[in-house]
Amino acid sequence: MIAKTPEPPYYAVIFTSIRTEGDNRYSEMSALMEELVALQDGFLGAESARNEIGITVSYWRDLESIRNWKENREHLVARKKGKEDWYSQFKTRIAKVERDYEFEMDNPGTE
């Protein structure tokens, strides 16, 4: 599902990763992080896709909200586990969204 974001400006955190072999309880922690981030002040939504490379883009009201999430206690634990067990490589990018536009079909699945 595509995140519904407000009028710009807002921020995007782009997390690109390559996973290690096996789950190593990743799915469990990922589900917890999805629950917790949704409660985080300033969080606007997220989108994620994974094949060989995983990309998660989360959207934020401001840089302070991003910093607060980075310092969240449970997120700190997940980040540590990510480095130890789940990722062979990752990169995080933070960008300011200054403009966006969209398309949505009126009646998907009909002719």
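Residue check: is residue 64 assigned to a strand (DSSP E or B) and within 15 Å of residue 11 (Cα to Cα)? It would help to see each step written out before you state the result.
Working: assigned to a strand (DSSP E or B): no; within 15 Å of residue 11 (Cα to Cα): yes.
For residue 64, the condition - assigned to a strand (DSSP E or B) and within 15 Å of residue 11 (Cα to Cα) - is not met.
Screening residue 36 with (1) crowded, with 17+ Cβ neighbours inside 10 Å; (2) not basic (Lys, Arg); (3) not in a strand (DSSP E or B) gives one miss only, at (1).
Taking the conditions exactly as written (under 27 Å from residue 6 (Cα atoms), assigned to a loop (DSSP other than H, G, I, E, B) and touching a residue at least 12 places away in the same chain (Cβ under 8 Å)), does residue 100 satisfy them or not? Please lay out each step first, then the result.
Numbers: under 27 Å from residue 6 (Cα atoms): yes; assigned to a loop (DSSP other than H, G, I, E, B): yes; touching a residue at least 12 places away in the same chain (Cβ under 8 Å): yes.
Yes; evaluated as a whole, the condition is true for this residue.
For region 62-83, the set of residues classified as surrounded by 17 or more Cβ atoms within 10 Å (Cβ to Cβ), over 16 Å from residue 30 (Cα atoms) and of a type outside the set (Val, Ile, Thr) consists of 65 only.
Residue-level analysis places residue 57 outside the set of residues that are at pLDDT 95 or above, over 23 Å from residue 3 (Cβ atoms) and either of a type in the set (A, V, I, L, M, F, W, C) or in a loop (DSSP other than H, G, I, E, B) (or both). Taking first residues from region 66-94 that are over 22 Å from residue 18 (Cβ atoms) and partners that are in a helix (DSSP H, G or I), the Cβ contacts under 7 Å between residues at least 6 apart in sequence or on separate chains come to 69/37; 69/75; 72/36; 74/32; 74/36.
Of the residues 108, 8, which single one is at pLDDT 95 or above, surrounded by fewer than 16 Cβ atoms within 10 Å (Cβ to Cβ) and not aliphatic (A, V, I, L, M)?
Values: 108 fails: at pLDDT 95 or above.
Sole residue among the options that is at pLDDT 95 or above, surrounded by fewer than 16 Cβ atoms within 10 Å (Cβ to Cβ) and not aliphatic (A, V, I, L, M): 8.
The values are calculated or read from the model by the stated rules, or taken from the named source; none is laboratory data. All of these numbers come straight from a predicted model, not from anything done at the bench. FYI the Cβ positions are ideal-geometry reconstructions off the backbone, even for glycines, and counts take in every protein chain you see.
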